[in-house]
């Protein structure tokens, strides 16, 4: 078993543990046996799409709640499983793709949404600085710091993706 995909179901007995697993794995997407980060990103894309035309305050609230709940769930999940940035945790991909797709509207075509997906996955996987440094930093420190750290590198990758999407929009690529 991959030590970064540790999952002890016998430890998931309390409502708190169940909530951490449900939120941290983005409803189970992180349990997918192949490319869980990609599957987690696919969960985030429709959330970004359906909230794209909401009032900015509602959107900020939604994505802030996802980030806060994700931070808590990642901390709890890693403590529960005795892991550090467990690969089953994909709520960070949900939040990251939400940032990347921030400037898109529901009326933007499928090509723009596909581009946002691919751009986010690129920045998430390649980890161009400072994302790599944030990822390394996150693996140090307390469990709570670790919970935010699990989220932080994907949030930074989301910002990089957002800037790339904005650039493509500026030059009317889509």
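Sub-8 Å Cβ pairs linking a first residue in the stretch 82-100 that is at positive phi to a second residue that is surrounded by 24 or more Cβ atoms within 10 Å (Cβ to Cβ), at least 6 apart or interchain, are 85/74; 85/149; 85/150, ordered by first then second residue. Of the residues making up the stretch 28-59, those that are surrounded by fewer than 16 Cβ atoms within 10 Å (Cβ to Cβ) and under 25 Å from residue 127 (Cα atoms) are 28, 31, 33, 34, 35, 46.
The condition of being in contact (Cβ under 8 Å) with a residue 40 or more places away in the chain and in a loop (DSSP other than H, G, I, E, B) holds for only one of 7, 42, that being 7. If the condition is being more than 24 Å from residue 81 (Cβ to Cβ) and either without any contact (Cβ under 8 Å) to a residue 12 or more places away in the chain or surrounded by fewer than 16 Cβ atoms within 10 Å (Cβ to Cβ) (or both), then the stretch 133-158 contributes only 133.
Just name the residue that is farthest from residue 74 (Cα to Cα) out of those in the stretch 24-35 that are assigned to a loop (DSSP other than H, G, I, E, B) and in contact (Cβ under 8 Å) with a residue 12 or more places away in the chain. The residue in question is 27.
Considering the conditions (1) within 25 Å of residue 162 (Cβ to Cβ); (2) more than 13 Å from the chain's Cα centre (by Cα); (3) part of a helix (DSSP H, G or I), residue 21 is excluded by exactly one of them, (1).
Considering each residue of the stretch 88-111 in turn, at least one proves to be at pLDDT 95 or above and more than 21 Å from residue 161 (Cα to Cα). The residues of the stretch 1-27 that are under 23 Å from residue 118 (Cβ atoms) and buried (at least 16 other Cβ atoms within 10 Å of the Cβ), listed by number, are 25, 26.
Please verify whether residue 150 is in contact with a helix residue (DSSP H, G or I) (Cβ under 6 Å, 6 or more places away or on another chain) and either within 23 Å of residue 30 (Cα to Cα) or outside any loop (DSSP other than H, G, I, E, B) (or both), treating the condition exactly as stated. Working first, answer last.
Working: in contact with a helix residue (DSSP H, G or I) (Cβ under 6 Å, 6 or more places away or on another chain): yes; either within 23 Å of residue 30 (Cα to Cα) or outside any loop (DSSP other than H, G, I, E, B) (or both): yes.
Yes: the conditions hold for residue 150.
State all residues of the stretch 52-75 that are over 16 Å from the mean Cα position of the chain (by Cα) and within 22 Å of residue 21 (Cβ to Cβ); if no residue qualifies, say none. The answer is none; no residue qualifies.
The values are calculated or read from the model by the stated rules, or taken from the named source; none is laboratory data. Quick caveat, the model's predicted, so the values are computed rather than measured. With ideal geometry, Cβ positions are generated from the backbone for all residues, glycine too; neighbour counts draw on all protein chains shown.
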